Amino acid sequence: MLTSILIAIFIVLVVVYLWHIHRTYSYFIRLGIPGPPTTFFFGNLMNFLKTKRISSCIKEWTKKYGPVFGYFEGHTPILVVSDLNILQDMFIKAFSNFHSRREYPFC
């Protein structure tokens, strides 16, 4: 009896976790933002392992998906904006909404 309850709880936890992962990785799709397809659990990190520099991967995705796209570092969504007009709006007109974001060094 106890074993079947533990198995049922385990199955429910796995299903909830898988639903959460699916919902996380469909974040940009729900917002209508293009981006590269993700892999389960790693997001787009495997793409970075295939290239020498992360910046070359970002540059390739910018050519493919346009000046605004999203990708995932693990479960963390990253929005890339390379359109100067949008950046000007973000950093001048709407600065209060975007001032405390993570820095991303291109080394």
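Which ³J(HN,Hα) values in Hz, rounded to whole numbers, follow from the phi angles of segment 36-53 under the Karplus curve 6.51 cos²θ - 1.76 cosθ + 1.60, where θ = phi - 60° and Gly and Pro get x?
After applying 6.51 cos²θ - 1.76 cosθ + 1.60, I find x, x, 9, 10, 4, 6, 9, x, 10, 4, 5, 5, 5, 6, 7, 10, 6, 10 Hz.
Suppose the chain between LEU87 and LYS59 were pulled fully straight at 0.36 nm per residue; how much longer would it get relative to their current alpha carbon spacing?
Details: separation 28, 0.36 × 28 = 10.08 nm, distance 1.68 nm.
Extra length from LEU87 to LYS59 when fully extended: 8.4 nm.
Starting from the eigenvalues of the Cα gyration tensor, five times each then square-rooted, give me the equivalent ellipsoid semi-axes of the chain, largest first, whole Å.
On the way: eigenvalues 239, 62, 29 Å².
Value: 35, 18, 12 Å, ordered largest first.
What is the sum of charges around THR39, taking Lys and Arg as +1, Asp and Glu as -1, for the other residues whose C-beta is under 13 Å from the C-beta of THR39? Display every interim value, and only then the final one.
Working: positive: LYS50; negative: GLU73.
Overall, the nearby charge balance is 0.
Using modelled amide H (1.01 Å from N, peptide plane; none on Pro or chain starts), what sits under 5 Å from the amide H of PHE69, excluding residues fewer than 5 places away?
Amide H neighbours of PHE69, under 5 Å, 5+ apart: VAL80.
Full-extension gain between VAL14 and LYS50, please, as 0.36 nm times their residue separation minus the C-alpha to C-alpha distance. If you can, show how the numbers build up before the last one.
Numbers: separation 36, 0.36 × 36 = 12.96 nm, distance 3.00 nm.
Result: 10.0 nm gained on full extension.
The numbers here are math on the coordinates, done by the rules we state, and not lab data. Given the structure is predicted, the values throughout are model-derived calculations rather than measurements. Please note: Cβ atoms are built from the backbone with ideal geometry, for glycine as well, and neighbour counts cover all protein chains shown.
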